[in-house]
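Reviewing the structure listed below.
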Amino acid sequence: MAETIFSKIIRKEIPADIVYESDSVLAFRDIRPQAPVHILIIPKKEIPRVTDIKPEDSVLLGEMFAAANKLAAEMNISEEGFRLVLNCGNNAGQEVFQLHMHLLGGRLLSWPPG
Ligand code: 5GP
């Protein structure tokens, strides 16, 4: 697996505030939260960017969305609303090259994003 900081979190070599884990998906709080709720939902399988997603990853992506819905419900932000963000590549400001879905909520989120 191409080494990223998230690979180490998946292998539990560095600590993270893990809020959800299954065989294929891990979710933990962002170290620099941009909202009262800011969770990163990642596949354990190596997928560096959105552009690396393959048709056979469809079940895995469904599991990521299911995890996002479960966490949003647990954090009591389902009704008021939240944002899911996937940054891909330099122009989007992708910093860590392991696929991750940001779950952001707990405040009013402006649009368009910066
Ligand atoms: P990106 O800009 O790639 O979409 O988002 C990467 C996110 O990972 C950023 O929001 C950043 O704060 C977060 N992040 C980077 N390194 C770590 C880390 O070691 N632990 C945690 N929990 N989050 C991290």
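The values are calculated or read from the model by the stated rules, or taken from the named source; none is laboratory data. A quick note: this is a predicted structure, and the numbers were derived from the prediction, not measured. No Cβ is skipped: glycine too gets one built from the backbone with ideal geometry, and neighbour counts run over all protein chains shown. Ligands, DNA and RNA are stripped out before the accessible areas are found, and what is left, the full protein with its side chains, is counted by its heavy atoms. Shrake-Rupley method; radii C 1.70, N 1.55, O 1.52, S 1.80 Å.
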* Structure fact -> The percentage of the accessible area of segment 5-105 (probe 1.4 Å, all protein chains present) made up of carbon and sulfur atoms, to the nearest whole number, is 52 percent
* Could you give the size of the charge dipole of the chain about its Cα centre, using +1 on the Cβ of each K and R and -1 on the Cβ of each D and E, expressed in debye and rounded to the nearest 20? => 200 debye
* Asked: Mind checking which aspartates and glutamates have their C-alpha under 14 Å from residue 54, skipping anything on the same chain fewer than 8 residues away?
  -> 46
* **Dipole magnitude of segment 20-66, debye to nearest 20 (Cβ charges: Lys/Arg +1, Asp/Glu -1, about Cα centre)** => 220 debye
* Divide by every residue of the chain the summed helix terms, -39500 (n - 2.57) for each DSSP H run of at least 4, and state the resulting mean residue ellipticity at 222 nm, rounded to the nearest 500 deg cm²/dmol. => -6000 deg cm²/dmol
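Can you give the accessible area per residue of segment 5-105, in Å², using a 1.4 Å probe?
In whole numbers, segment 5-105 has 55 Å² accessible per residue.
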* Structure fact -> Given the candidates 65, 90, 22, the one whose Cα lies deepest towards the positive end of the charge dipole of segment 5-105, counting +1 at each Lys or Arg C-beta and -1 at each Asp or Glu C-beta, is 90
* How about residue 44: which aspartates and glutamates have a C-alpha closer than 20 Å to its C-alpha, ignoring those fewer than 8 places off in the same chain? -> 3, 13, 17, 21, 23, 30, 52, 56, 57, 63, 95
